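This report concerns only the one structure given below.
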Amino acid sequence: MATQPAGTDSVRERCGECGAETAHRVRVEIRTESDTAENAQFSREPYRVSTCTECGVESVTRMNNA
């Protein structure tokens, strides 16, 4: 489970690329999943985006699996 270090804006979690627990920048993005403009307003979903501060690898997880 990720933990928040005191006094920083990063989260420590396991990085698959580094093979160790490293600091990550984590944010939530709203992404449009539809390729057509007419349905784009109805296909926005939240995604958790985590970027390793050591190697720069980014992982994306869809937060709503409805």
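The values are calculated or read from the model by the stated rules, or taken from the named source; none is laboratory data. If you're wondering where the values come from, they're calculated on a predicted model, not measured in any experiment. Methodologically, a virtual Cβ is constructed for each residue, glycine included, from the backbone with ideal geometry; neighbour enumeration extends over all protein chains shown. Side chains are part of the model used for accessible areas, which takes the heavy atoms of the whole protein and leaves out ligands, DNA and RNA. Shrake-Rupley method; radii C 1.70, N 1.55, O 1.52, S 1.80 Å.
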For the pair residue 53 and residue 33, the simple spin-label estimate (label points 7 Å beyond Cα toward Cβ) gives in nm 3.2 nm
Using a 1.4 Å probe on heavy atoms of the protein chains only, the accessible area for residue 32 in Å², nearest 10, reads 80 Å²
